[in-house]
Amino acid sequence: MSIKIVLPENIKREAISIEERPGGWSVVTLENGKRKWIRVCKVKGKTSLSISGKLWHGELSEFGSDRAQSTGADHALDVFVSQFPGKVRKIVSQSGSKVKKGDSILLLEAMKMEFAIKAPKDGTVMSVLVKEGQLVSPGDRLVDFE
Amino acid sequence: MAIKKILVANRSEIACRVFQTARELGYWTVALCAPGDEQARHITYADEVIRVTSYLDHAAIVAEAKKAGVHAIHPGYGFLSERSVFVEAVEKAGMIFLGPTGATMDALGGKIAAKELAEKLGVPTLPWAKINVQGKAKGTDLKSVAQNLGFPILLKAAAGGGGKGMRKVTNESELESAAESASAEAVSAFGDGTLFLERLIEKPRHIEIQVFGDGKGEGVHLFERECTLQRRHQKVWEEAPAPGLSEKTRQGLYEAALKLVRGVKYRSAGTIEFILDEKGSFYFLEMNTRLQVEHPVTEEVTGLDLVRLQIELGLTPEKFSLPEVDAPRGHSIEVRLYAEDPSQGFMPTPGTVHSLSWPNGTGIRVESGIEQGQTIGTGFDSMLAKIIVHAPTREHAIDRMRFALSQTSVLGMGTNQSYLFALSESKQVRAGEVYTSWLEKEFEYNPDPSKEDLELLSQVLSGLSGSSVARAGLRQEAVGSEWSPWQKVSPKGVV
């Protein structure tokens, strides 16, 4: 689960302590004095956290930075861009077809699992940009949709 | 005397599992490595590695094994584990197959053949009927057969499973078109459009019995497992023993299982799957002629090592005797960690394991196929590891699973860990009030951070960035389901 937390400008200067410990653990002492042992991992600018069985991927940005000014829309998921390396198993809705929210447009395969790319709202599949059997990489655009 | 070699015709955590027992018994372990698995954990832990182009290339595997002087082959699960042609090739080459005979696999492999065999041996099966749909559906045949069975009905493909060629039919008018589309799907998936009709149970429980046979007509049951929590025909959470079964149902299941084991003179480990209706009546579903993914929960409650029994029966049969266990001890639960993100439609999330920490402690067991630094590719199954707990009672086992999951950390790629954690906290799971489609229909998994989560996260992140938080001024934006390190967000924004 990914969340974006923007730290405000008028912040108190007393730091919350964070201590790195052996074994790859970090311990954060919270405002109420309670300790939380966590694991932190930074990959390509994003911070991954494991806290008590829950996984979080956070983005740290200071209030007032360019990132913080951007609107929600720019950071929302584009369902028609491939998120993982896989293969186009089947094109369900052809170019030019009208679809309803939730209809499958195409099926991708990876890790022996099938994943359906579905219409996020009622609309038209303007163009399917890939062929059946084609290998796709993260970032490849799959469908033009309106 | 030369040490005997055992080859595992499989990969990942099951290969590591078999290696453990093989080593304990003093055997030499041989691994297979197909392209994409070069960094895999099972390759690190083998005495010898043989490269193959695929885990399914049975001819090459047998040839290479023979050349390497392998004595016995363990097939794991999936891949070639239930292919009689592989068993025959192994045995013809003079090696021992650590599993049932090819003839047994043929007898129990086809769904229709297995049902007919079960009925012959006096094992209850769901009311069913075979039909042959060729080209255009034979409307009248279908309808009269369906009427005899009673609705609702499940149309199933005779040649295979996994949900393909399967259709639910609630009334007569849906029958013909459902049969046509099911048959077409079956032809495309298995090359065979033959279907059969089966009475459908609305809220079934999936109970399976672990068995072990000596191949000579005797065998034992090793109690049951409950595998009701499934998603898209993939098991997620398994337990032993099954909660809330009447003694009558339990004994009935054990007797039915033994009838099958003795009737086919079953050899080695196997599992018989049953489906239970809401009244506790049980019906034979199918038999899996192999060791199963969830075998550890049976090992935990019986104290047995099933792989050791398989190896002993195969390699030192003169020393082998069937195990005797009076009753299961305590309760065990297993969860499967997959490389998928439930908050994004269970999308596959391969990647690199940048940081890894497994739970440990009393009653906690981990069967892992991954190591820190390993890159998980997309060519293979997405199961990463299994986390198993054992405790004196079911209540305690669920508490222990919750603890084990809270101590688990796999970072750098996506996993279903948070989903599993939510299951361990679910009241319905704790009460045992589940049925096979419960996960898809009723389980409310909310991946969004709660107010408490956000408070905690903002403090943790501010601690990491070296500055602190003024609660009043904190602004947070929960951004939908964005996660991937390699994601490129379109500049056009959401469509």
Please determine whether any residue of the range B:31-51 is open to solvent by 20 Å² or more (accessible area, probe 1.4 Å) and within 30 Å of B:K111 (Cα to Cα). no
Here the residues within the range A:112-124 that are free of Cβ contacts under 8 Å to residues at least 12 places away in the same chain and either touching a helix residue (DSSP H, G or I) at 6+ places or on another chain (Cβ under 9 Å) or part of a loop (DSSP other than H, G, I, E, B) (or both) are A:K112
Between a first residue in the range B:176-190 that is without any contact (Cβ under 8 Å) to a residue 24 or more places away in the chain and a second residue that is of a type outside the set (S, T, N, Q) and open to solvent by 50 Å² or more (accessible area, probe 1.4 Å), which pairs have beta carbons less than 7 Å apart while being 6 or more apart in sequence or on different chains? B:A178/B:R167; B:S181/B:R167
Only one of A:G102, A:G139 is free of Cβ contacts under 8 Å to residues at least 60 places away in the same chain, among the small types (G, A, S) and over 23 Å from B:R232 (Cβ atoms); which? A:G139
How many residues are open to solvent by 80 Å² or more (accessible area, probe 1.4 Å) and at pLDDT 85 or above when one looks only at the range B:432-461? 4
Considering only residues that are modelled with pLDDT of 80 or more and surrounded by fewer than 18 Cβ atoms within 10 Å (Cβ to Cβ), which ones fall in the range A:1-31? A:E19, A:E20, A:R21, A:P22, A:G23, A:G24, A:W25, A:S26, A:V27, A:T29
Considering only the range B:365-385, I want to know if a residue exists there that is in a strand (DSSP E or B), within 29 Å of B:A114 (Cβ to Cβ) and in contact with a Leu (Cβ under 8 Å, 6 or more places away or on another chain). yes
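Every residue, every condition in (1) of a type in the set (A, V, I, L, M); (2) buried (at least 19 other Cβ atoms within 10 Å of the Cβ), yes or no:
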position: B:D326; (1), (2): no, no
position: B:L337; (1), (2): yes, yes
position: B:E340; (1), (2): no, yes
position: B:I370; (1), (2): yes, yes
position: B:T378; (1), (2): no, yes
position: B:S382; (1), (2): no, yes
Residue ID - surrounded by the most Cβ atoms within 10 Å (Cβ to Cβ), chosen from residues in the range B:230-251 that are in a strand (DSSP E or B) and not acidic (D, E): B:A240
Some residue of the range B:388-400 being more than 21 Å from B:L304 (Cα to Cα), assigned to a helix (DSSP H, G or I), within 12 Å of chain A (Cβ to nearest Cβ) and open to solvent by less than 20 Å² (accessible area, probe 1.4 Å): no
If we scan the range B:291-305, do we find a residue that is within 14 Å of another protein chain (Cβ to nearest Cβ), on the phi > 0 side of the Ramachandran plot and out of contact with any strand residue (DSSP E or B) (no Cβ under 6 Å at 6 or more places or on another chain)? no
If you go through the range A:118-141 one residue at a time, do you hit one that is under 16 Å from the mean Cα position of the chain (by Cα), modelled with pLDDT of 85 or more and more than 8 Å from chain B (Cβ to nearest Cβ)? yes
Yes/no for B:P317 being out of contact with any Leu (no Cβ under 8 Å at 6 or more places or on another chain), without any contact (Cβ under 8 Å) to a residue 12 or more places away in the chain and away from every other protein chain (no Cβ under 14 Å): yes
Do you know which residues across the range A:58-96 are within 7 Å of another protein chain (Cβ to nearest Cβ) and modelled with pLDDT under 70? A:G58, A:L60, A:G72, A:A73, A:D74, A:H75, A:A76, A:L77
Using the structure shown, decide if B:P100 is touching a strand residue (DSSP E or B) at 6+ places or on another chain (Cβ under 6 Å), surrounded by fewer than 21 Cβ atoms within 10 Å (Cβ to Cβ) and touching a residue at least 24 places away in the same chain (Cβ under 8 Å). no
Per the filter on the range B:354-368, residues more than 10 Å from every other protein chain (Cβ to nearest Cβ) and either open to solvent by 20 Å² or more (accessible area, probe 1.4 Å) or not hydroxyl-bearing (S, T, Y) (or both) are B:W358, B:N360, B:G361, B:T362, B:G363, B:I364, B:R365, B:V366, B:E367
When you scan the range B:34-75, how many residues do you find that are outside any strand (DSSP E or B) and within 23 Å of B:R23 (Cβ to Cβ)? 24
Residues that are touching a Phe, Trp or Tyr at 6+ places or on another chain (Cβ under 9 Å), over 17 Å from B:L423 (Cα atoms) and not small (G, A, S), drawn from the range B:345-370: B:M347, B:P348, B:T349, B:P350, B:P359, B:I364, B:V366
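The values are calculated or read from the model by the stated rules, or taken from the named source; none is laboratory data. Bear in mind that the values here come from a model prediction, so they are computed numbers and not experimental data. Neighbour counts are summed over all protein chains in view; Cβ atoms, including those assigned to glycine, are modelled from backbone coordinates with ideal geometry. Ligands, DNA and RNA are stripped out before the accessible areas are found, and what is left, the full protein with its side chains, is counted by its heavy atoms. Shrake-Rupley method; radii C 1.70, N 1.55, O 1.52, S 1.80 Å.
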